[in-house]
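Below: the structure, in structure tokens.
Values quoted throughout were computed directly from the atomic coordinates according to the rules given, and no laboratory measurement underlies them. Computed from a prediction, not measured in an experiment: that's the story for all the values here. As a convention, Cβ positions derive from the backbone with ideal geometry for all residues, glycine included, and neighbour counts pool all protein chains shown.
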Amino acid sequence: MKTVSLVLIVLLSFTLSATKVAAQNVYVSSEKDDSIAVFTPVGKLLTTYKTCLRPRDMQFNLNQTRLLVLCGDSDLLVEIDMVAGTTVDEMPLGKSPELFELSPDQKTVYASIEDDAVLAAYDRKTKKQIFAISTGGEPEGVLIAADGEIAYVTSEEANLVHVIDLPTRTITKNLKVGDRPRRFAISNDGQEVWVTNELSASVSVIDTRTQTVKDTIRFEISGIRANRITPVGIVMSSDNRTAWVALGRANRVAQVDIKTKEVLATVLTGKRPWGLALSPDQKTLYVTNGLSDDMTLIDTQKRKAFRTVATGRVPHTPLVAAKP
Amino acid sequence: MSQLTPALLGCRLTACTGVKRVYRGLALGFILCLGAAAALAQSAQKSASAIGKVTPAQTITIALISLRGDPRYQSRTIEHHYLGHPSGRLLRAAELALQDGRLVLSADGLSLAMRDVLVPDSEALGAALQKLIGEGVRYWLLDLPAPLVTQSVQAAHGNALMFNVSARDDSLRGASCADNLFHVIPSDAMRSDALAQYVAARNWRKALVLEGTTPADQALAAAWRRAANRYGIQTTATKTFKLSGNPAERDMANTRLLTGERGHDIVAVWDADGEFARTLPYATQWPRPVIGSNGLVALAWHPQWERNGGPQLSRRFRKSAQREMVAQDWAAWLSVKAIVRLLTSIETRAIGEQAAALSSAINIDGYKGPSLSFRAWDGQLRQPIFIAHADGVITAAPDDGVLHPTENMDTLGFDESEGLCKRQP
């Protein structure tokens, strides 16, 4: 009898958690706890999923039933069933993968593979590598644009952004950007690709029509020396008006006007903010702080942090489920 | 510096400079140059897209100059893995940076090659350097003791840009400093300052100092005295240790007798060789931490540095060299990175102008956090220094709270105002 009721309780709690994880929850990967924490939109911890080793980048599948998680130490891309919270599929990647993007149809996974210095493409169905393109040392940021025809990849070591034509699998351009380029964001209209330069305290703006660097946005904060401003994470609002940039050791995020390229405000966060995500209504910015092991929630209209919640050790990426 | 437009890129190519010269002062010339530059840049970028198939227009050679029979590289010495000592020759580290820079250089039509120059003695060094100058090899990594570094500076006579990757002597940053000489390895003063900052912040204010008898030991002890004085670390006693076969001197290697007095918080040991210092941690009379040449040490690199891409660099080096990266390897790697940066950032190949750029405008990513640069006043690379033990890194100096009017990293080593180096920045 006891076991039966225990099973019932377990089943009941599963159904409960199933309803809980449905919409707008925030998923945060923890590099050192090998887990993903699930928060409500206001930052209440709901549950934690165990993952493969050193989970970093994450994406949803198209109907948001699965969470795709890249694990840097297991060299895997795993798929987690968001209702059960368990790993239901996995695909081997190259050694020490960093970040990934999906083709628009989600059939292909493009991952930066640090140890081999390549951008590798994998078929999600056959779980085989389709091709790999050599990049500069330590490839990191990946962006798939132009309906899956073009990939942008940063090389942290070579200070380059590679523009890759995916149908022909060739690098068409190597763009010199700032020092240690990290991550990308693309404007809604697809006309601009922004890349953060961690050691230049700047963002390079790439014109996607000419594939040239057309502008550089520099961050300056009074009272903070330039070498403490280390931008990594970047996200753009869905109305194409503002970009948010995590400024790393400056312990702040910056809000930038996409049109005028003007820095509108900086907001205090935890220590070394790097991962960023916006809520579907764009009112909340979620910021993972790599050195203080927590997440800051920012009211984007008031430009003010309103809550900080503990995460696993070294939180990497926050990801927000859109409205169902 | 890094924002080079395609036009600028193209203008570095000789054909375009020619066009520019003919039409100097004319707007037409400028427009022509821009047009030609754009075309050239485009073709350069096209060729760069086929990675590995590029035929570079120009190969620039970097020489790594070392002593044949250097006692530091004797296999029995290497086996000890004393903290702060090199763990193998530096060629692999330099080649790693060469590999790293290949792509960005090829976009400018350049490629690099390493030349390993091994000389048995000072006389052969002179001949080898003359040969390098004759062949136009102008970038030198010096893995040499201080007197030979000075000899190299004199032999170069303004014809080479030199990077000191292993001599830590403070004198090279002071009285013996030189215009085209850059120090990538941190000086003794920088390492002592880093340790002193850490122990002062811990409030470990009383130090028992144990020093060896060799000039190298004495140099370390002198650097520590300066740092201890700067950060208010009091010396309770200074004692001399000696590893000796003479029965009358046996007490001088007895760790309990040497550390028997009371009243100190830490034991600072200065042992350039490393053998005695290794016997000291956990062998003191009182339970006191050991710092200096063993125990808690100040290092330019540690294979267990976990942040800022450190694991990636250490892993790449391990894969290529089959051993762990240590400070001297890091210095050789960074020197080549600095050369790559220089070649891709400014057009001129004049040594004086390159040295001036290195002293002011060039920033390099050293995988230690902040962007690194060279001090204009003595050519020393300003950099964080790891406070570490054999097993891992405790923190990187300067730690939070250590402040300087312009640049916190300049709290380590000789500051501009000390004016010890009479160098033309």
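In what order do A:HIS162, B:HIS183 fall by count of nearby beta-carbon atoms within 10 Å, going from fewest to most?
So the residues, fewest neighbours to most, are A:HIS162, B:HIS183.
Compute the distance from the alpha-carbon center of the stretch B:310-365 to that of the stretch A:181-252, in whole Å.
26
What spacing in nm lies between the two simple spin-label points modelled at B:ARG318 and B:LEU257, each 7 Å away from Cα in the Cβ direction?
Going from the B:ARG318 label point to the B:LEU257 one covers 4.3 nm.
Summing -39500 (n - 2.57) over the DSSP H runs of n ≥ 4 in chain B and dividing by its residue number, what mean residue ellipticity at 222 nm do you reach, to the nearest 500 deg cm²/dmol? Working shown, then result.
Numbers: 14 runs with 162 residues, N = 425.
After summing the helix terms and dividing by the residues of chain B, the value is -11500 deg cm²/dmol.
Return the FRET efficiency for the residue pair A:THR172, B:GLU135: r is the Cβ-Cβ distance, R0 is 41 Å, and the value is rounded to the nearest 0.05.
So, using R0 = 41 Å, E works out to roughly 0.60.
Does the protein assembly as shown classify as rounded, prolate or oblate by the C-alpha gyration tensor (a ≥ b ≥ c root eigenvalues; a/c under 1.5 gives rounded; else a/b over b/c gives prolate, otherwise oblate)?
On the way: a/c = 1.97, a/b = 1.25, b/c = 1.58.
Taking the square roots of the gyration eigenvalues as a ≥ b ≥ c, the protein assembly as shown is oblate.
List the aspartates and glutamates whose Cα lies under 15 Å from the Cα of A:LYS173, skipping any in the same chain that are fewer than 8 positions away.
A:GLU149, A:ASP165, A:ASP207, B:ASP108
Using the crude model of +1 on Lys and Arg Cβ and -1 on Asp and Glu Cβ, and no other charge, please compute the dipole size for the stretch B:80-120 relative to its Cα centre, in debye to 20. Intermediate results must be reported in sequence, preceding the final value.
Numbers: 4 positive and 4 negative charges, 26 e Å.
That gives a dipole near 120 debye.
Find the relative contact order for the stretch A:130-289 and round it to a whole percent, using C-alpha pairs within less than 8 Å whose residues are 6+ positions apart.
This gives 12 percent for the stretch A:130-289.
Once both labels are modelled 7 Å past Cα along the beta-carbon direction, what's the A:LEU268-A:SER237 spacing in nm?
Taking the simple label geometry, A:LEU268 and A:SER237 are separated by 2.3 nm.
Spin-label point model (7 Å from Cα, Cβ direction): what's the B:ASN229 to A:VAL83 distance in nm?
7.6
Can you list which of the trypsin sites (Lys or Arg not before Pro) found in the stretch B:272-358 are DSSP loop residues with at most 15 other C-beta atoms within 10 Å?
B:ARG307, B:ARG323, B:ARG349
FRET efficiency for A:GLN211 and A:ASN63, Cβ-Cβ distance as r, R0 = 51 Å, nearest 0.05?
Values: r = 33 Å, r/R0 = 0.66.
That gives a FRET efficiency of 0.95.
For the residues B:LEU412, A:LEU46, what sequence is obtained by ranking on other C-beta atoms within 10 Å, fewest first? Write down the numbers at each step before the final one.
On the way: B:LEU412 28, A:LEU46 14.
Result, fewest neighbours first: A:LEU46, B:LEU412.
Calculate how steeply helix B:188-201 sits against the longest principal axis of the alpha-carbon atoms of chain B, using the helix alpha-carbon long axis, and give the answer as 0 to 90 degrees to the nearest 10.
The answer is roughly 60 degrees.
Please compare each pair in A:LYS50/A:LYS125; A:LYS95/A:LYS128; A:LYS32/B:LYS337; A:LYS32/A:LYS128; A:LYS261/A:LYS283; A:LYS107/A:LYS283 to a cut-off of 26 Å on the Cα-Cα distance and tell me which ones are over it.
Over 26 Å Cα-Cα: A:LYS32/B:LYS337; A:LYS32/A:LYS128; A:LYS107/A:LYS283.
Distance from the Cα centre of the stretch A:63-135 to that of the stretch B:171-231, in angstrom?
Here the answer is 49 Å between Cα centres.
Got a sec? How would B:SER111, B:SER106 order by Cβ neighbour count within 10 Å, fewest to most?
Fewest to most other Cβ atoms nearby, the residues stand as B:SER111, B:SER106.
Give me a single rounded figure for A:148-159: the average over its residues of other chain Cβ atoms within 10 Å of their Cβ.
For peptide A:148-159, the averaged partner shielding equals 3.
For chain A, rounded, prolate or oblate, judged on the Cα gyration tensor with a ≥ b ≥ c (square roots of eigenvalues), a/c < 1.5 rounded, else prolate if a/b > b/c?
oblate
With springs only between Cα atoms under 10 Å apart, run a GNM on chain B and tell me which of B:PRO289, B:PRO384, B:PRO120 wobbles the most.
B:PRO120
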